[in-house]
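Engineer: Can you keep this structure in mind? I'll have questions shortly.
The values are calculated or read from the model by the stated rules, or taken from the named source; none is laboratory data. The structure displayed is predicted, hence computed values, not measured ones. Neighbour counts run over all protein chains shown; Cβ positions are idealised from the backbone, glycine included. These accessible areas exclude ligands, DNA and RNA; they are computed on the full protein's heavy atoms, side chains included. Shrake-Rupley method; radii C 1.70, N 1.55, O 1.52, S 1.80 Å.
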Amino acid sequence: MRTDLDAMYGGGFFALIASMFAFILIFGVIVYVISSLLLMKIYAKMGIEGWKAWVPIYNMWVFLEAGAYPGWLSLLTFVPFANIVAVVFIVMAAYRIGEGFGKDGAWIVLFIFLPIVWYAIIAFDSSQWRGLSGGLMSGPSAAAANRGMQAGGYAYAGQPGYGQAGGYGQQPGYGQQPGAQPQQPYGSQPYGAQAYGQQPGQPQYGGQPPQAPGQQASSTPYGQSPQAPGQQPGAQQGDQPSN
């Protein structure tokens, strides 16, 4: 009788342990699938390949490099006590990535306590990836995130700064209309352009009047009367030649 009770209760205990283990395993798989789906959506917004969000350990490797931290720190999650260091750097990477999506520092609290909610908000809101601030660059596994400047974002990866004359595919500077001619520096006139307030064909101040076709240019300085034919240079009108 005693043996039967021990076998019955002992079997029930192991069954309970097995049921709890199965529940934890199934729950962990569900959480991992949801997290990978959300992380894949975030990576897609950053320009990173979505399949990298599904590979265990490697997805955090990419996450760390997307925040400009070494990806090998994700391997510390298997080392006792050192896994705390890995968690700290993952949180810091999430802070930088949140800034790249226009989120302020308070959002990191949500990542610490409810990371899956943080994933969901970043994945499905209207925020756009603007790149890491401070000129930081993502690592090789997340190099696709360094694809240039998004609308309203930071200038990085060799992009011209705010208001600078644009290169290939860049928007015009601040205050300049699309398709407009580039503005000349203040006080400089392009070649052949008329000065402000000048009539067409009128010489500029101190300049020579326009010459007619075939007419030789006059070398008379400004304010001096032209010389008569046969008059020696430098002689004044009215001077009589000496006998």
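Engineer: If I ask for residues that are assigned to a loop (DSSP other than H, G, I, E, B) and of a type outside the set (A, V, I, L, M, F, W, C), which ones from segment 39-58 would you list?
Structural biologist: Matches in segment 39-58: GLY47, GLU49, PRO56.
Engineer: In segment 98-107, is there at least one residue being open to solvent by 70 Å² or more (accessible area, probe 1.4 Å) and among the acidic types (Asp, Glu)?
Structural biologist: Among the residues of segment 98-107, at least one is open to solvent by 70 Å² or more (accessible area, probe 1.4 Å) and among the acidic types (Asp, Glu), which makes the answer yes.
Engineer: Does SER138 satisfy the condition of being at pLDDT 95 or above, surrounded by 11 or more Cβ atoms within 10 Å (Cβ to Cβ), under 23 Å from MET46 (Cα atoms) and of a type outside the set (A, V, I, L, M)? Spell out how you get there, then give the answer.
Structural biologist: Working: at pLDDT 95 or above: yes; surrounded by 11 or more Cβ atoms within 10 Å (Cβ to Cβ): yes; under 23 Å from MET46 (Cα atoms): yes; of a type outside the set (A, V, I, L, M): yes.
Taking the combined requirement at face value, the residue satisfies it.
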